[in-house]
Structure formats: C-alpha cells, structure tokens
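The values are calculated or read from the model by the stated rules, or taken from the named source; none is laboratory data. None of the values given here were measured: they were computed from a predicted structure. Reconstructed Cβ throughout: ideal geometry from the backbone, glycine too, with neighbour counts over all protein chains shown. Calculation scope for accessible area: heavy atoms of the full protein, side chains included, ligands and nucleic acids excluded. Shrake-Rupley method; radii C 1.70, N 1.55, O 1.52, S 1.80 Å.
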Amino acid sequence: MRPPRSSTHERERADDAPVAELVRLFREHQLGLARTALMIVGDRATAEDVVQDAFVEAHRRIGRLRDPDRMLPYIRASVVNRCRSVLRRRKLAFSLARVHEPPVWSAESAAILGEERREVFLALQGLPRRQREVLVLRYYLDLGESEIAEVMGIRGSTVRSTTARALATLATRLGEKHDQD
C-alpha cells in the first residue's frame, strides 16, 4: 500500500531541510572559507577547489551526518584537511623535482592586498603548516581556541602554544624585513 501523499511530501520536505541548510552555509561562508584556504595553500584556484570539494563532500554525506547543526564545523575541518592534502601533494611533487609554482600575483590582487598584506601573506606562507593553520583560523576566521582545537583535532593548550610561537616568528620575520627598508 502506498503511503498517503501528505506523509511523502512531509518526508521529502524533511529530507530537503539539511540540503537547504547546506546551501545557506555555502552562500554565507563560501567566500570566507575560500579566503582561509587561500591563506593556507597560497593560490586562489586551489583554494576555491578545496572549498567546493568540501561542500560537495558534505552534500554527498548529508544523510550520514549525526548532527546536522554541526555542518559548519564539519565543513571547516574538511577545508583545513583538504588544504593539508594539497600541501602534502605539493611536497611530494617537489621531492620528485616537479616544483609547484603558484600563480603570479595579478595587478588586481596586488592592488587589493596592498604591499603590507602581501608581506604578511608571504611571511605566513613561510610558517610551518600547523602554525599557519592556527593563525588563519584564529585571526582570519575569528574562531575561538576551542573551535580551532576541534577543527584541527588538537588540544586547547596546543592551540595557545602554537599561536604564541607563530606570532613570535611572524613578528621577527616582519620586523627584520621592515628594519632593512
């Protein structure tokens, strides 16, 4: 026997709710997540691909998410993990003598970022992966210590110590650069 039309329609509407939430998250957070990925991987095209892939994967797994209210932290963690994968592949490519060259800064990008931001961006790229991720999540996405710990899968004390070391390294590198000018 076929279920009454209203219950099928209600079930379809209930199934659409997580998808609608995912669409809303994409509209609200895609740009910020792409900027975050850019700060980690260093080039725009890869950053956009990473974010798109994270949302596609979230959509694919939407029926298996235990807590649909936790979609944004799941997607953030997915973006960071995908950035890590990109960096691992680049490192492997470099070790095999195939060097990855990020795109040259366009005039538009240089104008938008400005020289100081570009210097910070380049100094950030020189940090170890974990330090770079912590700073991007903290100061770019404005996540709190516990959220960063959750996204990265580390303890809060590790977030604090990593942030302190990263900031000290950046201050030294940027201070030295400005002292030479």
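Here are some notes:
- Exactly one residue out of L127, L141, L170 is within 24 Å of L72 (Cβ to Cβ) and either of a type in the set (K, R) or buried (at least 16 other Cβ atoms within 10 Å of the Cβ) (or both), and it is L141.
- Among residues that are out of contact with any Ser or Thr (no Cβ under 8 Å at 6 or more places or on another chain) and buried (at least 16 other Cβ atoms within 10 Å of the Cβ), E147 is included.
- Selection within segment 40-64 - open to solvent by less than 40 Å² (accessible area, probe 1.4 Å) and out of contact with any Lys or Arg (no Cβ under 7 Å at 6 or more places or on another chain): V41, G42, D43, T46, A47, V51, F55, E57, A58, I62
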